[in-house]
Amino acid sequence: MSRFVVENEFNGYRLDKFLSNVLADYSRTHISKIIDEGLCTVNDKVAKGSLKLKEGDRVNISIPEVKELEVKKEDIPLDIVYEDKDIIIVNKPQGMVTHPSNGHLEHTLVNAILNHSKDLSGINGVMRPGIVHRIDKDTSGLICIAKNDKAHNKLAEQLKDHSMARTYTALVRGVIPENSGEINLPIGRDPNNRQKMGVTRTNSKEAVTYFKVLKRYKEHTLVECHLKTGRTHQIRVHMSYIGFPVEGDPLYAGRKYDTLYKKGQLLVATSLTLKHPSTDEVMTFNIDIPQYFIDVLHQIEE
C-alpha cells in the first residue's frame, strides 16, 4: 500500500494525473487500470481517476505484485511474407491470437515467433516481444514484428503519426449504396459489455475508417477499408454502427443473423505499407484473400 497526502502544488489535479506524477515508475495507463479495479481510495472512499483532488486529501493505492509469466516457444508454422535483420512481416492465420495473456499462454503468434527468431524487441515486455500492433484472433492477414528496440520505436512512431498504412478487405451484410465513404466516430469500451467496443462519447478516442466498395452482391458488399487510426475492433464497430456489419462477426453482427461463415469475421488485413526502420525505404506488402473467404464469395455469387 502506497499512501500520499495531496500538497498544494497538486490542488485541482485529477487523481490519475496526480498518481502518475508521484509514481513515476508506472505508466498512466497502468495506474488507470489499478484505479478502475477499485484499488485506490481518497479519504478512505474508492475513487475514480477523474476525481479532482484538494490539498490535504489522503490518497491510498494498492499496487498488485506483478506476476512474471513464462511464454514458451512453440514450433508452429508461419507464413512469413518478408524478413530482414529489423522486421518480420507475417500473414497471421484466422483463429490465432496475436500475443499471450492471462489464461491464454499458448498457441499464439508470439509463441511461434519466439521459436522462429531469437532476436525480438523487448519494449512491450515478456508477453508481447516484437509486437508493434495487433489484429484480432479471427481476423487474418499482415502484421509487422520488430526484431530490435530501435526498429520497434520507429514503427511505433509511424503508427502514432498514421504514416503506417493498413488496408483490410471485408465482406459486410447489406448493399452499401455509396461507392466510398468516411466513418469518423469515436470508439470506447461498451459500458454494458466489457467484451465489446462501441461508438461513444464517453471515455473514447478518435476513430476514422475509410471504405471503398469493391463489389456488390444481392445481400452483401465486398469492401476495402483503410484505417487512419487503429482502435480495438475499429472496422467491426464502425461497419456495424452504420448498418453493415462484417459477415461472420460473432460479436457485432447480432444474434439474429444466420451467418454464412461460422469461424469468425470475414475480415483480412490485405495490405501494409511502412517506412523501413533502418533504410527509410517505403515498403508495401500485399496478400490475396484466403481460400475460406473466396469460398464464401463463390457461395453468395451462386
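The values are calculated or read from the model by the stated rules, or taken from the named source; none is laboratory data. Because the structure is predicted, anything quoted here is derived from the model rather than measured. Cβ atoms come from the backbone with ideal geometry, glycine included; neighbour counts cover every protein chain shown. Heavy atoms of the whole protein, side chains included, go into the accessibility calculation; ligands, DNA and RNA do not. Shrake-Rupley method; radii C 1.70, N 1.55, O 1.52, S 1.80 Å.
State which entries of 85/160; 137/205; 73/137; 48/212; 160/212 exceed 30 angstrom in Cα-Cα distance in the structure shown.
Listed pairs above 30 Å: 48/212.
For region 26-106, what does the accessible surface come to per residue with a 1.4 Å probe? Please give it in Å².
For region 26-106, the per-residue accessible area is 63 Å².
Using a cut-off of 24 Å between alpha-carbon atoms, which lysines can reach residue 54, once sequence neighbours fewer than 8 places away in the same chain are excluded?
Cross-link targets: 17, 33, 45.
Might you work out the accessible area of residue 164 for me, using a 1.4 Å probe with all protein chains in place, and round it to the nearest 10 Å²?
Ignoring ligands and nucleic acids, residue 164 comes out at about 10 Å².
I need the shape label for region 1-84. Rule: rounded when a/c is under 1.5, else prolate if a/b > b/c, else oblate, with a, b, c from the alpha carbon gyration tensor.
In terms of gyration-tensor shape, prolate.
Whole number in Å², please: accessible area per residue of region 213-263, 1.4 Å probe, ligands, DNA and RNA not counted.
In whole numbers, region 213-263 has 54 Å² accessible per residue.
In nm, what is the difference between 0.36 nm times the number of residues separating residue 74 and residue 105 and their Cα-Cα distance?
Roughly 10.1 nm would be gained on extension.
Of the listed values [x] 49; [y] 42; [z] 46, identify the label whose number matches percent of Cα pairs over 28 Å apart calculated from this model.
Derived directly from the coordinates: [x].
Could you tell me which of rounded, prolate or oblate describes region 188-281, using a ≥ b ≥ c as the square roots of the eigenvalues of the alpha-carbon gyration tensor, with rounded for a/c under 1.5 and, failing that, prolate when a/b is larger than b/c and oblate otherwise?
oblate
What accessible area per residue, rounded to a whole number of Å², is obtained for region 160-202 using a probe radius of 1.4 Å?
That works out to 57 Å² for each residue.
At most 16 other Cβ atoms within 10 Å and a DSSP loop assignment: could you name the chymotrypsin sites (Phe, Trp or Tyr not before Pro) in region 140-223 that fit?
Qualifying residues, ordered by number: 217.
Compare the Cα positions of 46, 200, 64 along the charge dipole of the chain (+1 at Cβ of Lys, Arg; -1 at Cβ of Asp, Glu; about the Cα centre) and return the one farthest towards the positive end.
Of the candidates, 46 comes out farthest on the positive side.
Mind checking the dipole of the chain: about its Cα centre, +1 per Lys or Arg Cβ, -1 per Asp or Glu Cβ, Debye to the nearest 20?
860
Out of 20, 81, 99, whose Cα points farthest toward the positive end of the dipole of region 1-116 (charges: +1 Lys, Arg; -1 Asp, Glu; placed on Cβ)?
Final value for the positive-end residue is 20.
Quick one: which residues, 5+ away or cross-chain, put their amide H under 5 Å from the amide H of residue 82? H built at 1.01 Å from N.
Residues meeting the criterion, in which the H sits 1.01 Å from N, are 89.
In degrees from 0 to 90, rounded to the nearest 10, what is the angle of the helix 149-160 Cα long axis to the longest principal axis of the chain?
Helix 149-160 and the main axis of the chain meet at about 80 degrees.
Per the 1.4 Å probe, what fraction of the accessible area of the chain, in percent, lies on carbon and sulfur atoms?
Percent of accessible area from carbon and sulfur atoms in the chain: 45.
Treating the beta-carbon of each Lys and Arg as +1 and of each Asp and Glu as -1, no other charges, what is the dipole magnitude of region 1-125 about its Cα centre, to the nearest 20 debye?
Charge dipole of region 1-125: 580 debye, to the nearest 20.
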